[in-house]
Amino acid sequence: MSKGSVDYVVAGEIATVAVDHPPVNALNEALWIRIGEIFEEISLREDVKVVIVTGAGEKAFVAGADITELGAKERFSGEAYARLCQESLNKVEFCPQPVIAAINGFALGGGCELIMACDIRIASEKARIGVPEINLGIIPGAGGTQRITRIVPKGYAKLMVLSGDMIPAEEALRIGLVDRMVPPENLEEETRALAEKLAAKAPVALRIAKKAVNEGIMGSLREGLNIEAVYFGQLCATEDKNEGVDAFLKKRKPTYKGR
């Protein structure tokens, strides 16, 4: 079986990361590691403002893990594998740039876990999403049981994890697992348009906004409000804030410098 690849290209201020492992972009251990490496690299690039993640081809975003590889896992190797996958997706979630998932087809198992680590999820009407690991006698191991309850209602999260059923894009939109649903032929264009819209924002504020949400949701409301106030104060001291306010008052387009 081909080992597949995960690579990225940068066009303008937007990086596009694509999983390419025919026929369904299944993730093996090498690809999980590569995802982490890519997001480590992107996180250090000042020229990249927004990241798009998608799957190569038209059939699948990522349709799960390499089942042959999973079959060889035992008690401790299985735990180590889960921790490796979790660490890679932590690098996606905590990448300083906003990350948009363009879900072009099946997003199952590790694919569903990957989209849940992204900030914004846009799905093709053809997309099918689920965490079917229960059907293999296991559970999601790359953060799926934890992130899903932070995105959709707890009861529905349990339904998905316990049943292993796939849901269509329309249902995923209804429960909040995806944020937008578009015709397949419009997915690339609409995802790119959103990425460009975000990339035009003040770079420091864009990153801090993501950081504030990520950090605040992990604590109490009081702790989150404190985080927000601190970051708000930091941004008030930036040149970009002065530029944004001046541009608004003078009814012109701002020119942000990222400082």
| said: Residue under question is SER163, and the condition is that it be buried (at least 18 other Cβ atoms within 10 Å of the Cβ), of a type in the set (Ser, Thr, Tyr), touching a Gly at 6+ places or on another chain (Cβ under 9 Å) and not assigned by TED's automatic domain parsing to the domain that holds ASN214; does it hold? | reply: no
Residues of the range 176-195 being surrounded by fewer than 15 Cβ atoms within 10 Å (Cβ to Cβ) and of a type in the set (S, T, N, Q), in sequence order, are ASN186
Looking across the range 219-251 at residues that are among the basic types (Lys, Arg) and modelled with pLDDT of 90 or more, the single one that is nearest to VAL204 (Cα to Cα) is LYS241
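Yes/no per residue for (1) outside any helix (DSSP H, G or I); (2) surrounded by 13 or more Cβ atoms within 10 Å (Cβ to Cβ); (3) out of contact with any Asp or Glu (no Cβ under 9 Å at 6 or more places or on another chain):
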position	(1), (2), (3)
ALA157	no, yes, yes
ARG174	no, yes, yes
ALA205	no, yes, no
GLU228	no, yes, yes
ASN242	no, no, yes
ALA247	no, yes, yes
Of (1) touching a residue at least 40 places away in the same chain (Cβ under 8 Å); (2) not in a helix (DSSP H, G or I), CYS85 fails just (2)
Given (1) touching a Cys at 6+ places or on another chain (Cβ under 9 Å); (2) surrounded by fewer than 22 Cβ atoms within 10 Å (Cβ to Cβ), GLY110 misses just (2)
When restricted to LEU198, LEU136, the only residue touching a Leu at 6+ places or on another chain (Cβ under 8 Å), modelled with pLDDT under 95, surrounded by 14 or more Cβ atoms within 10 Å (Cβ to Cβ) and not polar (S, T, N, Q) is LEU136
Among the residues of the range 71-107, the number that are out of contact with any Gly (no Cβ under 9 Å at 6 or more places or on another chain) and either under 24 Å from LEU198 (Cα atoms) or surrounded by fewer than 15 Cβ atoms within 10 Å (Cβ to Cβ) (or both) is 15
Residues of the range 27-48 being out of contact with any Ser or Thr (no Cβ under 6 Å at 6 or more places or on another chain) and either at pLDDT below 90 or β-branched (Val, Ile, Thr) (or both), in sequence order, are ILE33, ILE38, ILE42, VAL48
* Flag if ILE217 is within 24 Å of the chain's Cα centre (by Cα), more than 30 Å from LYS59 (Cα to Cα) and free of Cβ contacts under 8 Å to residues at least 24 places away in the same chain -> no
Of the listed residues (ALA193, ALA212), the one being assigned by TED's automatic domain parsing to the domain that holds GLY233, of a type in the set (A, V, I, L, M, F, W, C), farther than 15 Å from PHE61 by Cα and assigned to a helix (DSSP H, G or I) is ALA212
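The values are calculated or read from the model by the stated rules, or taken from the named source; none is laboratory data. Keep in mind that this is a model prediction, so the values were computed, not measured. Quick reminder, even Gly has a Cβ in these numbers, built from the backbone with ideal geometry, and neighbours come from all protein chains shown.
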